[in-house]
Amino acid sequence: MAEYFEITGGKKLKGTIEVRGSKNAATPILAAALLTSQKCVISNLPLIEDVFRMIEIIKGLGAEVRWLGKRKVSIKAKNIDPKKLDLIAVKKMRSSILLLGALSARCDNFKISYPGGCVIGARPVDTHIDALLKMGVKVESTECYFNVDAKKRRAAEITLKEFSVTGTENAMMLAAALPGKTVIKIAAAEPHVEDLGRFLIKMGAKIKGLGTHILEIVGSKNLKGASYEIISDANEAATFLILGVAAKSPITVKNAKINHLDLVVEKLREFGADFEINRDSIKIIPPKIIKAVAKVDTRPYPGIPTDAQAPFGALATQAKGETLIHDSLYEGRFNYVKELQKMGAKAKVLDVHRVLIQGPAKLKGRTIKSYDLRAGATVIIAALLAKGKTIIEDIHQVDRGYERLEERLQKLGANIKRIKE
């Protein structure tokens with residue numbers, strides 16, 4: 001049954017909104033539970049579609065999966081069979097690419113579908129395949145599948161072709177399960193990459209360089225089970241901070257870690273906001289006037305994350321002057337712009353990587369779509385700012401990464417309802 005959001009905008013928001021566990025840490029850590037036959041217990045899981053799908057895929061492989069609480073799961077992958085891999089489920093989910101490294105560590109041969117996920121431009125897996133090849137794993141591409149031969153997997157020194165987050169994570173998982181030292185150069189350094197590394201250390205791997213672009217990993221054939229609590233979601237925290245600034249509302253974002261959000265907060269200060277920063281929360285001191293900034297430019301961590309680019313676009317519609325939004329990482333992340341234009345935003349897509357937004361705009365409620373996960377959060381922000389009623393369709397995209405977002409926004413005073421057709 002299809003669902004949509006109905007939002008009546010224009011209300012000032014107040015109160016506290018809590019950030020859930022990191023989506024981008026949860027999926028690789030769940031995949032890493034396949035590296036051992038012993039029990040792993042993972043807590044602070046966000047209750048979102050991507051997590052549920054990854055757990056179902058792992059369960060389908062033959063792992064024993066038990067929920068121990070609302071956000072805690074036990075996984076024991078003692079007997080897994082790659083022939084049982086649900087290829088249709090894999091195809092629907094981008095982060096299923098993380099099974100490539102985990103299964104290469106446990107299985108000599110297997111077949112896996114190409115991953116799915118958000119349509120945000122070309123997201124090639126060349127970096128993954130090249131890294132695994134340098135570690136002795138052969139990956140043959142067919143029209144619909146990868147055929148993987150991992151019998152000759154080995155520790156190695158590798159240089160990734162780019163700062164690929166999931167490419168780094170696949171190499172880390174394989175390296176953690178191999179005897180000997182693997183060196184990964186041009187490694188991604190995002191907080192969720194570090195989080196996977198800390199989980200692998202608890203399983204018995206030795207890792208140096210977490211948080212840097214060079215990782216040294218001494219693995220083990222006999223990784224052990226581990227219990228681990230996932231970090232809070234920096235991308236979700238960024239979404240809520242941007243919402244508060246755009247709505248000129250003094251909301252408090254709980255479980256927001258400033259050391260994961262430094263440049264996001266600095267950019268919001270350029271827009272005119274200020275903040276009260278505590279150990280585990282950030283309170284927004286909203287600006288009286290939102291000022292346009294010369295450029296919002298997304299980069300690999302510690303730069304502004306590409307997942308925050310679209311929400312910054314919604315904020316720019318309320319800023320006085322012109323703001324250039326530049327997404328250097330992906331060329332398909334401006335689908336949200338035409339939805340903002342329907343609502344009255346003045347925005348011009350200059351090319352596949354840049355959009356120029358003129359503000360402030362008086363947004364009006366319309367029927368619009370959520371084209372991908374972060375676009376969905378962006379049009380929700382815009383709808384909360386707009387005059388009148390907005391209908392947002394295809395909200396399953398939002399559910400992939402934000403847990404019951406409407407319920408949390410309602411606690412801030414937002415007029416948002418989830419409606420089943």
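Ignoring aspartates and glutamates fewer than eight residues from Lys387 along the same chain, the ones with Cα atoms less than 17 angstrom from its Cα are Glu6, Glu339. Axis of helix 49-60 versus longest Cα principal axis of the chain: the two differ by about 20°, to the nearest ten degrees. Measuring between their Cα centroids, region 250-309 and region 47-65 lie 33 Å from each other. Distances between placed amide hydrogens fall under 5 Å for Gly15 paired with Thr252, all partners being 5 or more residues away or on another chain.
For region 78-213, place one equal point scatterer on every Cα, skip the solvent, and apply the Debye formula. What is log10 of I(q)/I(0) at q = 0.13, 0.17, 0.22 Å⁻¹? These q points yield log10 I(q)/I(0) values of -0.51, -0.91, -1.49.
Taking 56 Å as R0, compute the FRET efficiency from the Cβ-Cβ separation of Lys291 and Lys83 and round it to 0.05.
Numbers: r = 58 Å, r/R0 = 1.04.
About 0.45, to the nearest 0.05.
Within a straight-line Cα-Cα reach of under 15 Å, Lys346 can be paired with the following aspartates and glutamates, leaving aside sequence neighbours fewer than 8 residues apart in one chain: Glu322. In region 1-86, the C-alpha radius of gyration followed by the widest Cα-Cα span (Dmax) gives 16.8, 54 angstrom. Placing R0 at 30 angstrom, the Cβ-Cβ distance between Asn259 and Glu157 gives a FRET efficiency of 0.50 after rounding to 0.05.
Please compute the length gained on full extension between Glu143 and Glu322, using 0.36 nm multiplied by the number of residues separating them and subtracting their Cα-Cα distance.
Numbers: separation 179, 0.36 × 179 = 64.44 nm, distance 4.45 nm.
Fully extending the segment from Glu143 to Glu322 adds 60.0 nm.
Pairs from the table (Lys70/Lys92; Lys151/Lys202; Lys134/Lys295; Lys151/Lys185) lying more than 28 angstrom apart at Cα are Lys134/Lys295.
Please give the length that would be gained between Ser227 and Lys420 if that part of the chain were fully extended, namely 0.36 nm times their separation in residues minus their C-alpha to C-alpha distance (nm, one decimal).
Values: separation 193, 0.36 × 193 = 69.48 nm, distance 3.78 nm.
Computed gain between Ser227 and Lys420 is 65.7 nm.
Of the trypsin sites (Lys or Arg not before Pro) found in region 51-150, those in coil by DSSP whose Cβ has at most 10 other Cβ atoms within 10 Å are Lys70. Rounded to the nearest Hz, the phi-derived 3J(HN,Hα) couplings of region 302-316 under the Karplus curve 6.51 cos²θ - 1.76 cosθ + 1.60 (θ = phi - 60°) are x, x, 5, x, 4, 5, 9, 4, 5, x, 4, x, 5, 4, 4, where x marks glycine and proline.
Which loop GluC sites (Glu not before Pro) in region 118-199, with loop taken from DSSP, have no more than 16 other Cβ atoms within 10 angstrom of their Cβ?
Hits after loop and neighbour filter: Glu143, Glu162.
Potential lengthening of the chain between Lys12 and Arg354 amounts to 120.1 nm, from the contour at 0.36 nm per residue minus the alpha-carbon distance.
Coordinate-derived values only; no laboratory data. The structure displayed is predicted, hence computed values, not measured ones. Using ideal geometry, Cβ is built from the backbone for each residue, glycine included, and neighbour counts are taken over all protein chains shown.
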